[in-house]
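The numbers here are math on the coordinates, done by the rules we state, and not lab data. Owing to the predicted nature of the structure, the values given are computational and were not obtained by experimental measurement. As a convention, Cβ positions derive from the backbone with ideal geometry for all residues, glycine included, and neighbour counts pool all protein chains shown.
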Amino acid sequence: MPDPEPRRPASAVELLLDPATDSAIRAEWDALAALGVSSLAAHTAASNRPHITLVARIGLSALDSAVLAEVPSFPIVLGAPLLFGDGDRRVVARTVVPTADLLDLRARVHAAAGPGEDAPHTAPGEWMPHVALARRLRVADLPAALERIGGDIRGHAASVRHWDADAGIVTALAELRMP
């Protein structure tokens with residue numbers, strides 16, 4: 001029986017956060033790392049930034065940035081922790097309040113991406129906006145980890161980028177203008 005074709009990683013269009021909000025999330029990554037549990041602080045690639053995935057799929061091409069022209073920055077609220085997965089490990093993330101501005105941006109990006117098979121939690125009707133804090137966190141470590149995650153974080157949407165997972169390239173698509 002031939003070996004199965006290797007699974008390609010999903011590429012994504014991501015919403016980045018203002019510097020203060022980015023720093024607040026990185027502080028939570030660092031708090032989890034200091035506890036000795038899984039944390040995105042351990043992922044030191046230059047492309048690793050706190051973000052909200054707007055769409056992700058295998059082979060997703062960069063969007064025409066014109067679709068993002070004149071999109072203003074808008075408030076973002078990062079709320080309570082959210083868990084994904086099953087078994088003895090979980091992804092730990094912060095929920096993102098789905099405001100009308102965020103939903104509008106997401107709809108624009110998804111329409112511009114065109115048809116395709118979206119990754120879990122990014123398909124229409126299934127999209128779960130979140131900012132990841134840790135991947136593969138042991139369930140046994142959850143109580144201590146959750147104690148390190150603070151209250152709501154209020155910030156602003158700052159920019160949109162394309163992450164080409166196949167090529168390992170990040171392309172800035174738009175800086176969101178301050179109203």
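For the chain, modelled as a GNM whose springs connect Cα atoms under 10 angstrom apart, the maximal fluctuation among Ala157, Ala56, Ala111 occurs at Ala111.
The calculated FRET efficiency for the pair Asp88 and Leu146, based on their C-beta separation and a Förster distance of 22 Å, comes to about 0.85. Remark: the chain carries a charge dipole of roughly 300 debye about the Cα centre, counting +1 on each Lys and Arg Cβ and -1 on each Asp and Glu Cβ. Shown here for the stretch 112-179: trypsin sites (Lys or Arg not before Pro) in loop regions (DSSP other than H, G, I, E, B) with at most 10 other Cβ atoms within 10 Å, of which there are none. When the charge dipole of the stretch 94-144 is built from unit charges on Cβ atoms (+1 for Lys and Arg, -1 for Asp and Glu) and taken about the Cα centre, the candidate among Leu103, Val131, Leu142 whose Cα reaches farthest toward its positive end is Leu142. From helices alone, the chain scores -6500 deg cm²/dmol at 222 nm; the rule is -39500 (n - 2.57) for each run of n ≥ 4 DSSP H residues, then divide by the residue total.
Residue separation of Ser47 and Ala167 scaled by 0.36 nm, minus their Cα-Cα distance, works out to 42.0 nm of gained length. Calculated over the chain, the projected area of the Cα convex hull averaged across directions stands at 11.6 nm². Database remark: amide H of Arg89 closer than 5 angstrom to the amide H of Val139 (H placed geometrically; neighbours at sequence offset of 5 or more, or on other chains; Pro and chain starts carry no H).
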